[in-house]
Number of protein chains: 2
Amino acid sequence: MMTRFKRPPGQRPATATDVAKLAGVSQSAVSRTFTPGASVSRVAREKIKAAAAELGYRPNAIARSLITRRSRIIGVVAAYLQNHFYPEVLERLSRQLQEAGYHIMLFTADAQNAADPLLEEIIGYRIDGLILASTTLSSALAQQCKAAGIPVILFNRTTDTADVSSVTGENARGGAVIAEFLAAGGHRQMGFVAGIENSSTSRDRESGFYGWLSRHLYPTPMRAVGNYTMEGAAAAARELLSRKDRPEAIFCGNDHMAIAIAEVARHEFGLRIPEDISLVGFDDVGPAAWKAFDLTSFSQPVGTMVDLTMETILDLVEKPDQPPRHLVAPGELVVRNSARLPQLGLTMHDGRRVWRPVNRIS
Amino acid sequence: MMTRFKRPPGQRPATATDVAKLAGVSQSAVSRTFTPGASVSRVAREKIKAAAAELGYRPNAIARSLITRRSRIIGVVAAYLQNHFYPEVLERLSRQLQEAGYHIMLFTADAQNAADPLLEEIIGYRIDGLILASTTLSSALAQQCKAAGIPVILFNRTTDTADVSSVTGENARGGAVIAEFLAAGGHRQMGFVAGIENSSTSRDRESGFYGWLSRHLYPTPMRAVGNYTMEGAAAAARELLSRKDRPEAIFCGNDHMAIAIAEVARHEFGLRIPEDISLVGFDDVGPAAWKAFDLTSFSQPVGTMVDLTMETILDLVEKPDQPPRHLVAPGELVVRNSARLPQLGLTMHDGRRVWRPVNRIS
DNA sequence: TCACTGATTGCATACGCATGCAAAATGTGA
DNA sequence: TCACATTTTGCATGCGTATGCAATCAGTGA
């Protein structure tokens with residue numbers, strides 16, 4: 001049998017027991033001192049705090065969460081941080097989670113890396129919740145978490161089965177508004193650069209776009225796939241722009257690709273934007289506002305999306321057995337100068353020029 | 001005294017004991033099955049794996065790390081993800097840490113938010129190591145971690161006291177090379193936009209730049225502070241460019257600021273780059289290569305820096321009592337077209353056009 | 001002063017797993 | 001076949017903390 005010795009001077013961080021010994025109290029008293037709302041007398045608390053300070057004691061969150069069954073860790077899965085949308089999301093999520101007393105276990109997934117097996121590990125940490133902000137993860141994973149009793153929320157994506165909560169932008173409506181905007185700008189032959197083809201965002205944006213165009217008897221857009229990467233988008237742009245009947249306007253599946261497409265259009269094809277070709281993006285990320293691009297883009301309100309996500313996930317952590325929510329954060333078409341302007345429908349909103357369909361009663 | 005009941009059917013995740021009961025073995029056997037290299041017979045292992053699968057069992061990493069005293073979590077502190085440098089770093093770090101079997105606890109610090117108190121919490125998780133990639137954190141924190149026995153490494157910054165390991169780029173040399181490059185391009189009156197003034201990167205870049213210029217009897221550069229933000233840099237640019245004797249060339253403390261400065265120069269002052277003004281950045285982040293900016297920039301090799309960081313931190317985790325290392329990843333001046341080209345010294349290297357001082361024996 | 005109430009405190013235990021040790025099972029050679 | 005070496009197994013314990021319970025303490029009013 002092993003006997004408990006006085007802790008050797010060096011190495012190991014002080015424990016509650018060490019502090020208790022030094023302060024001449026029980027370990028429970030120490031624990032209560034560091035548990036808000038627990039019952040400790042003022043004098044004891046002072047003594048203990050002093051002893052803790054002397055030993056550099058910090059409660060061991062690992063041990064704590066073993067008992068409380070709360071790790072206060074939220075898993076966040078992000079992918080492809082090159083796309084500025086995600087750093088913006090990550091930064092906001094991080095700040096708000098920190099403010100709410102949670103910590104982030106970050107997990108980045110890239111397209112090639114099979115993400116699921118690694119993610120299983122993170123589940124081993126008994127995280128309190130999981131935010132999936134990656135388009136490339138299997139839906140199976142979300143199910144698995146649900147089965148493991150871990151609250152999950154999909155950020156900027158959905159699954160076919162609607163039983164996992166999600167927060168998205170107005171992908172389908174955005175696509176439709178963009179179609180209408182380009183049409184109002186006088187374009188007939190459109191182009192579309194898809195993102196990752198089996199991602200819900202890309203599919204929804206595409207179907208909104210195509211839907212409006214086909215309902216209004218516009219020619220079917222020319223289509224290429226950019227996979228949400230710059231390289232992919234550049235290739236897609238080359239494909240579309242080198243055609244003799246190249247499109248007059250291109251709806252780029254997101255701003256990240258729009259930038260690459262603008263680069264190719266300008267510097268490889270010598271096209272002026274918007275005189276020779278109109279470009280519209282999606283997300284309204286920071287760089288879209290740079291004068292170098294001045295991108296017209298349907299916004300995804302990162303702030304709102306993150307707020308909704310936080311609210312939902314924290315609620316789910318408290319009360320796990322809830323029906324899934326499917327929240328949609330409203331966006332709008334932020335009009336800059338990468339696409340020809342329509343005559344009607346431009347208004348100012350929150351200091352930004354936006355466009356709203358005019359032929360509807362609103 | 002509380003008795004151990006059969007676990008209620010719902011809710012709680014299965015434990016090793018549950019699996020053991022189902023498989024008809026001891027809890028230790030289950031533990032060994034999930035511990036690589038432990039002694040379990042093939043038949044037992046099979047039975048246990050089957051039972052585990054049936055119950056959806058995953059070892060509880062929290063409980064495990066309580067015993068092993070290894071959390072397999074590395075804390076990463078990043079700040080200001082707007083600057084593309086950090087997402088690139090984060091993505092690489094994340095991938096490599098994942099491959100090495102570690103998990104990332106992410107912590108983002110913004111300038112205004114006092115980071116230290118929150119970071120203390122993350123120390124409570126008994127993380128195995130900490131990577132500080134934020135310029136705005138107190139040096140005290142690094143010391144504190146060292147005291148707590150947590151290996152720390154500073155990424156892209158150093159402290160005055162050299163007792164904490166660090167990985168940086170060639171800040172001082174880069175500044176000097178940029179000075180020499182601009183001089184070779186025929187410029188005399190330079191400008192400098194500083195980053196965060198008390199950050200080591202900004203200070204080192206500045207002193208390298210100023211040092212070379214003063215040694216070679218060039219006029220003292222005009223100086224403004226951009227705080228490493230776009231807004232700050234835009235304001236700094238306005239300050240410098242609206243002077244009657246505005247500088248012929250500006251060394252922008254990093255690419256992130258250089259982009260903002262280019263925007264202001266072009267769209268607010270109608271200047272052509274590099275005909276009317278030369279701009280040089282630092283970091284060589286992705287957007288620097290975009291044709292819209294085509295930025296000449298001294299590179300910080302993210303890949304190498306991350307490799308060195310990984311190597312160091314993992315080593316430190318294994319053997320904590322080591323003298324601190326101060327690693328410097330070599331960069332080079334990647335020449336594009338945002339600054340006037342010198343006559344001599346341009347060479348190709350790894351498919352990039354670079355510039356090296358010519359008047360030295362190399 | 002005493003009985004009684006409420007606030008503090010310590011004891012003992014459990015959280016889920018890893019691991020040293022000894023017992024049991026299996027394998028090996030003669 | 002048996003004695004011995006080797007592997008496999010279970011037992012018991014501890015990691016550092018939270019918490020129910022009972023015991024103790026301080027505080028109140030008469």
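Every number in this text was worked out from the coordinates using simple rules, so none of it is lab data. In this text the structure is predicted, and so the values were computed from the model without any measurement. When we count neighbours, we look across all protein chains shown, and the Cβ atoms used for this are built from the backbone with ideal geometry, even at glycine.
Data table
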{"quantity": "Ratio of the Cα radius of gyration of region A:251-344 to 2.2 N^0.38 Å, where N counts its residues", "calculated": "1.43"}
{"quantity": "Inter-chain shielding of B:97-103 (mean C-beta neighbours from other protein chains, 10 Å cut-off)", "calculated": "4"}
{"quantity": "Local electrostatic count, B:V306, Cβ distance below 13 Å [Lys/Arg +1, Asp/Glu -1]", "calculated": "-3"}
{"quantity": "Dipole magnitude of chain B, debye to nearest 20 (Cβ charges: Lys/Arg +1, Asp/Glu -1, about Cα centre)", "calculated": "1460 debye"}
{"quantity": "Hz values of 3J(HN,Hα) by residue in region B:145-157 - Karplus curve (6.51, -1.76, 1.60), Gly and Pro given as x", "calculated": "5, 4, 5, 6, x, 9, x, 10, 9, 8, 10, 6, 6"}
{"quantity": "Amide H contacts of A:I104 (H built 1.01 Å from N, under 5 Å, at least 5 apart or other chain)", "calculated": "A:I74, B:L106"}
{"quantity": "Size of electric dipole in region B:10-122: Cβ of Lys, Arg +1 and of Asp, Glu -1, about Cα centre, debye, nearest 20", "calculated": "900 debye"}
{"quantity": "Neighbourhood net charge (14 Å Cβ-Cβ; Lys/Arg +1, Asp/Glu -1) for B:D255", "calculated": "-3"}
{"quantity": "Equivalent ellipsoid semi-axes - Cα gyration tensor, region B:35-128, angstrom", "calculated": "36, 16, 11"}
{"quantity": "C-alpha center-to-center spacing [region A:260-313, region B:75-140] in angstrom", "calculated": "28 Å"}
{"quantity": "Shortest-first nm distances, B:A289 label point to equivalent points in other copies (7 Å, Cα→Cβ)", "calculated": "2.8"}
{"quantity": "Calculated from backbone phi, Karplus (6.51, -1.76, 1.60) coupling profile of region B:321-327 in Hz, x at Gly/Pro", "calculated": "8, 10, x, x, 10, 10, 9"}
{"quantity": "Neighbour-count ranking [beta-carbon atoms within 10 angstrom, fewest first] of B:K47, B:K319, A:K244", "calculated": "A:K244, B:K319, B:K47"}
{"quantity": "Exceeding the 24 Å Cα-Cα cut-off - candidates A:K21/B:K319; B:K146/B:K319; A:K146/B:K49", "calculated": "A:K21/B:K319"}
{"quantity": "Farthest positive-ward along region B:270-351 dipole, Cα basis, beta-carbon charges - from B:V335, B:G270, B:Q322", "calculated": "B:G270"}
{"quantity": "Loop-resident sites, region A:12-114, for GluC sites (Glu not before Pro), counting at most 12 other Cβ within 10 Å (DSSP)", "calculated": "none"}
{"quantity": "Under 5 Å, built H, 5+ apart or other chain: amide partners of A:R223", "calculated": "A:F192"}
{"quantity": "Kirkwood-type radius of region B:134-229, with distances r between different C-alpha atoms, in Å", "calculated": "14.6 Å"}
{"quantity": "Positive-end residue, chain A charge dipole about Cα centroid, Cβ charges, pick of A:F85, A:A249, A:L119", "calculated": "A:L119"}
{"quantity": "Copies compared at A:P301 - label distances in nm, ascending, label defined 7 Å from Cα in the Cβ direction", "calculated": "4.7"}
{"quantity": "Qualifying aspartates and glutamates (Cα of each under 12 Å from Cα of A:K291; at least 8 residues distant if same chain)", "calculated": "B:E263, B:E268"}
{"quantity": "Cα gyration tensor shape of region A:62-105, rounded if a/c is under 1.5, else prolate or oblate by comparing a/b with b/c", "calculated": "prolate"}
{"quantity": "Inter-copy spacing of A:L327 label points, which lie 7 Å from Cα along Cα→Cβ, given in nm from shortest upward", "calculated": "4.1"}
{"quantity": "Sequence-distant residues sharing a close amide H with A:S134 (under 5 Å, placed H)", "calculated": "A:F155"}
{"quantity": "Kirkwood-based Rg to Rh ratio, region A:191-314, C-alpha trace", "calculated": "1.00"}
{"quantity": "Derived scalar couplings ³J(HN,Hα) [region B:182-187; Karplus, 6.51 cos²θ - 1.76 cosθ + 1.60; whole Hz; x for Gly, Pro]", "calculated": "5, 4, 4, x, x, 8"}
{"quantity": "Helix-only mean residue ellipticity at 222 nm for chain B, each DSSP H run of n ≥ 4 adding -39500 (n - 2.57), per residue, nearest 500", "calculated": "-12000 deg cm²/dmol"}
{"quantity": "Neighbour-limited loop hits for GluC sites (Glu not before Pro), region A:267-333 (at most 12 other Cβ within 10 Å; DSSP other than H, G, I, E, B)", "calculated": "A:E275"}
{"quantity": "Kirkwood hydrodynamic radius of the protein assembly as shown, from inverse mean 1/r over distinct Cα pairs, in Å", "calculated": "28.1 Å"}
{"quantity": "Distance histogram for region A:44-203 (every C-alpha pair counted, 5 angstrom bins, percent rounded to whole numbers)", "calculated": "2, 7, 14, 17, 16, 12, 9, 7, 6, 4, 3, 2, 1, 1, 1, 0"}
{"quantity": "DSSP bridge pairs, the protein assembly as shown: antiparallel proportion in percent, nearest 5", "calculated": "20 percent"}
{"quantity": "For A:H326, B:H103, A:H216, order by how many other beta-carbon atoms lie within 10 Å, fewest first", "calculated": "A:H216, A:H326, B:H103"}
{"quantity": "Cα pair distances of chain B binned at 20 Å [whole percent]", "calculated": "27, 43, 21, 9, 0"}
{"quantity": "Positive minus negative residues near A:A183 (Lys, Arg vs Asp, Glu; Cβ under 13 Å)", "calculated": "+1"}
{"quantity": "Ranked B:H349, B:H256, criterion: other C-beta atoms within 10 Å, fewest first", "calculated": "B:H349, B:H256"}
